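The next block holds one structure in the form of structure tokens; read it before the comments.
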Amino acid sequence: MAEVDNGDQPRQRRRSSQRPGNLAELKDFGSTLYLRFDIPIPRRGAKRLAERVQETVLQIQADTERFAALTAKLLTGDDGATLADIVEGRNVTPFAKQLGFFVGILLLILGQFLAFQKPTAFGYFYAIGAIALLVQRGILYSRKKQIYFLLDSGYMNTGLLLLNVLFLNRSPTLWKVNFMIANGLQVWGLIILNSSLSFHSMDAISSVFLLYMPALVTYVERHVKGWTVVSGMCTSGAWQCQIWTVEALVFPAMVSLLWIILHTIIVEVLEREKVYSDPDMMTPLKFMVQDRHGNVNRVITHVARSLKILKKREHLDLEKRYATTLTLFICAQFVATVMMLSVSFLCFKSQAFNTLSLIVILSVLIWNGASDYFPEEIKEEITTFVNSFSTRHVPQHYENVSKDRSELEVLPGDDEDDGDKWEGGDDEVDFDY
């Protein structure tokens, strides 16, 4: 309505713009806004903002690509290296070794501080690292067609310990089962598998973390927390902590056996066609059989020959002796686990023995990792020196083996079935006495 002010003529309201008279003026009026002080907002403001956001995103992507290329060049010497190449530690540069050593030492110091000064936080420190490395292992193993390695018993105990740390922290029985498994074959398997503490290799450091740290976490829970704070394993104190036969032997053996059976059913029955139709698909069993120079293969083969399960010159074979090879592999895992439970029992009873065991294993891992920093000529000299000890026991009548390894002079009285005869080829020479 019009307002009347001391007169008959209506007074118009003061406006910052005139009313639109037609449709064209209405469109123009709607596209132009005026504030209270008649300051116009640009018509293309929203579009310009979107363009600036898009430019910023593109700039961030370009900077990210440049940073990734620079990081790849610093770590591998190749700016086109992928994340998988960096994770696998291919073509590492001296800078990568120095950086890995620096970060690794810092993490060791941090872990030591948490273990003895903040033991309640040490389990969460392990959980964060274990979850991250399990994700990394899953991605890496899937790319290398080794995904079935995640079903190995070592990863089983990792998952069991994570359940214990994060959700069932007040379960003494589960803590003791984890202690017996972690301080047995799992941690000593690092020496059997000739693992190394190489800070510049993500694959090596993740193996050591996932297999060594469970023993250290259970050590803190048994021998450290029980004296200062309430321990989930020893609720009545470390000095009164007892372990029964069921907890020390029966439960760990049953858990390990059930997991071995479950692993075998999944890989060798349910996924058998997928596993054996692809020669590049690798499983723990296939890897053990192919690695004839590995400690596991050599021990199983030696025991099987001693028990007359295999002949003198016969090796583990998934094509000719599948059932025998699979049975030997399953039995070897279970027997080794049960035998190492005695070591775990001593670790549970004696803090000094447990400490000494962890120090010995860590020393071997550090020494194996230190060899990566030796020059190649020094490595060859060390290897030659060590190998010289393994040939001193060879009997004199084997000196007639030709240097080109193409033929063997058979001594009088030797027959075809003698285990000392070498049949040529690329296989290693086995001397059975």
Among the listed pairs LYS274/LYS320; LYS286/LYS311; LYS73/LYS145; LYS144/LYS308, which are separated by more than 29 Å between their Cα atoms? LYS144/LYS308
A correct Karplus calculation of ³J(HN,Hα) over segment 199-209, with 6.51 cos²θ - 1.76 cosθ + 1.60, θ = phi - 60°, whole Hz and x for Gly and Pro, returns 5, 7, 9, 5, 5, 5, 5, 5, 4, 5, 5
Give me a comma-separated list of calculated 3J(HN,Hα) values for segment 277-282, in order, Karplus coefficients 6.51, -1.76, 1.60 applied at θ = phi - 60°, integers in Hz, x for any Gly or Pro. 7, 10, x, 7, 6, 10
What is the local net charge at HIS263, summed over the other residues whose Cβ is closer than 12 Å to its Cβ (Lys, Arg +1; Asp, Glu -1)? -3
Given 47-59, 105-117, the highest-first ranking by average Cβ count within 10 Å works out to 105-117, 47-59
Whole-Hz Karplus couplings 3J(HN,Hα) for segment 165-178, θ = phi - 60° and coefficients 6.51, -1.76, 1.60, Gly and Pro as x, run 6, 8, 10, 10, 5, 10, 10, x, 5, 5, 4, 5, 5, 5
In what order, largest first, do ILE366, ILE147 sit by accessible area if the probe radius is 1.4 Å? ILE366, ILE147
For MET233, the net charge from surrounding residues (Cβ-Cβ under 9 Å; K, R +1; D, E -1) works out to +2
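The values are calculated or read from the model by the stated rules, or taken from the named source; none is laboratory data. Note that the coordinates shown come from a computational prediction; the quantities given were computed from them, not determined experimentally. Positions of Cβ are generated from backbone atoms using ideal geometry, with glycine treated the same way; all protein chains shown enter the neighbour counts. The area values use the complete protein model at the heavy-atom level, side chains included, leaving out ligands, DNA and RNA. Shrake-Rupley method; radii C 1.70, N 1.55, O 1.52, S 1.80 Å.
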